[in-house]
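These notes are about the structure you will find just below.
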Amino acid sequence: MTSRSSLVFAVSVGFPLLMSCGSPVSSNEPGASLAVSQSQALADGTPASTGVLAFLNDGSTTVAVLDNEVPLDVRAAQALIAWRAGPDGVEHTADDRRFVSIAQVDAVAYVGPATLADLEWYARGTGRVTELPLDALVGHFDGLPFTLAEARRTLKLANTESASSLETTYGIAPLAVQDILAARPIAHMVELSRLANVDGTVMQQFKTAMSTLVPEGDPCTIDTTCAAGLVCEGIPNDGSSSYGRCRNTAPIAGDGDTCSVFAPCQSGLSCHGIPSGASEGWCRPAWMTGEFTQYADVALPASTALVESANVVVGLATVPEDIIVEVDVAHSSAHRLVLTLVDPGGDTALLWDGPNEGTPPSRISVTRGISRDSSVNGRWRLRVTNPSGVGSGTLRSWKLKLNSRWD
């Protein structure tokens, strides 16, 4: 069986835009290609690739599931399960195999870029892709995009509201309400979108409901979308994201108190200053702390050319207080690399000078170069150069751990 709707790929800084109506199309024509965002999303070790591999290695994933549920071309479905069964063609025997890379999946007969896209869409929509930021796109369902936060709230509403509330408060059509109640508990967005009477109109009603009374910590675009007592903080000024986070900015007892490894802050606060090497720091509201990971999968060729990867920060206060960078680089001559961090305002910090300092560590505290009065929300950039041009490898991922404060 093959799906009947179309798939459009768009390049994205933070996550892939998988656009479909229900499910993406399977089309394994020679020469089909993926946009940059798609190839990076399925790079080995990324959340998307991990989710796809877990799905394919699950014993409950059968030819019927791949053919009818995802759905894939039946030839691709059969070939994937046959590969997993091993040379004897029988599952649950000694020669069974597990997929350990997307390259292995791609090498299976009848599997091409569109099949990989189908698998990623299904893995995302069924919740197998973890470690996504709340404003990351899960997928398009009945033609409408849903972020992770919207999907979570939609399913909560669909599973908990009464029939009368779904109809009168949220405007869901009666036949769709009957389907929703009969299907409870609804486990994921793919299941909801495929109910007989759930269509684009119904999904739009859910989207509309999700656009107001956003809870604390969820993505927002303006203050009025947040629940009572919350404001929308941390929308970047550089246009890198339209989202902030709904935050409770009311004063907290203990904010500004001193803290240390031996004297931690009370609940609701985090200790700033210690990650930068201080023996004594200051307590700040916990929401002013954040971690942001970019699964870059950027090639580092044997060249002196500069390579850059962006990581968008949202939802923090206004300026940075502590900046920690964690880098996952696989390189044949890592001791030759020079790493530089650029903040949203353009300030630059030399993280590591390989020719003079050797192989870079996986964790670097930024104590030089970047002003603590510069913007924290926005597009941060990691630059990698290799002045010698000797050796090659991959920037697999990098993470920013940030403590912020009001300026």
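Numerical summary
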{"item": "Total formal charge among the other residues, if their Cβ is under 14 angstrom from that of residue 368, Lys/Arg +1 and Asp/Glu -1", "result": "-4"}
{"item": "Per-peptide average of other Cβ atoms within 10 Å, ordering 157-168, 328-339 highest first", "result": "328-339, 157-168"}
{"item": "GNM top mover of 342, 90, 198 - the chain, alpha-carbon springs below 10 Å", "result": "90"}
{"item": "Size of charge dipole - the stretch 292-369 - debye, nearest 20, with Cβ of Lys, Arg +1 and Asp, Glu -1, no other charges", "result": "180 debye"}
{"item": "Cα centroid of the stretch 359-400 to Cα centroid of the stretch 92-153, whole Å", "result": "29 Å"}
{"item": "Straight-distance crosslink candidates among lysines, where the alpha carbon sits under 28 Å from residue 156 and sequence neighbours closer than 8 are dropped", "result": "207"}
{"item": "Total charge dipole magnitude, the chain, about the Cα centre, Cβ charges on Lys, Arg, Asp, Glu only, Debye to nearest 20", "result": "220 debye"}
{"item": "Solvent accessible area, Å² - residue 142, 1.4 Å probe, full protein context", "result": "30 Å²"}
{"item": "FRET E, pair residue 383, residue 260, Förster distance 41 Å, beta-carbon r, rounded to 0.05", "result": "0.75"}
{"item": "Aspartates and glutamates whose Cα lies under 16 Å from that of residue 401, excluding same-chain neighbours fewer than 8 positions away", "result": "131, 291, 321, 322, 326, 328, 343"}
{"item": "Selection from 193, 141, 366 lying farthest towards where the dipole of the chain points positive, charges on Cβ", "result": "366"}
{"item": "Karplus (6.51, -1.76, 1.60) ³J(HN,Hα), θ = phi - 60°, over the stretch 374-388, in Hz, Gly and Pro reported as x", "result": "8, 5, 9, 8, x, 8, 8, 10, 9, 10, 10, 10, 9, x, 7"}
{"item": "Calculated FRET value between residue 159 and residue 278, using beta carbons and R₀ = 45 Å, to 0.05", "result": "0.45"}
{"item": "Euclidean distance of C-alpha centroids, the stretch 191-218 and the stretch 273-330, integer Å", "result": "33 Å"}
{"item": "All-pairs Cα distance distribution in the chain, expressed in whole percent, bin size 20 Å", "result": "24, 50, 25, 1"}
{"item": "Relative contact order computed over the stretch 340-389 (Cα-Cα under 8 Å; 6+ residues apart), in percent", "result": "51 percent"}
{"item": "Per-peptide average of other Cβ atoms within 10 Å, ordering 365-373, 67-75 highest first", "result": "67-75, 365-373"}
{"item": "Mean residue ellipticity (222 nm) of the chain, computed from DSSP H runs ≥ 4 via -39,500 (n - 2.57), nearest 500", "result": "-6000 deg cm²/dmol"}
{"item": "Compactness of the stretch 136-294 - radius of gyration and Dmax, Cα, Å", "result": "20.1, 63"}
{"item": "Probe 1.4 Å, all protein chains present, accessible-area order of 362, 193, largest first", "result": "362, 193"}
{"item": "Most fluctuating residue given options 88, 199, 297, as computed from a GNM of the chain linking Cα atoms under 10 Å", "result": "88"}
{"item": "Karplus 3J(HN,Hα) series, Hz, for the stretch 235-246 with 6.51 cos²θ - 1.76 cosθ + 1.60 (x for Gly, Pro)", "result": "7, x, 8, 9, x, 6, 8, 9, 9, x, 9, 6"}
{"item": "Virtual spin-label span in nm between residue 58 and residue 213, 7 Å along Cα→Cβ", "result": "3.2 nm"}
{"item": "Accessible surface of the stretch 80-229, 1.4 Å probe, proportion on carbon and sulfur as whole %", "result": "56 percent"}
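The values are calculated or read from the model by the stated rules, or taken from the named source; none is laboratory data. Everything quoted here is computed from the prediction, not taken from an experiment. Glycine also receives a Cβ, built like all others from the backbone with ideal geometry; neighbour counts cover every protein chain displayed. When the accessible area is computed, the model is the full protein with side chains, heavy atoms only, and any ligands, DNA or RNA have been set aside. Shrake-Rupley method; radii C 1.70, N 1.55, O 1.52, S 1.80 Å.
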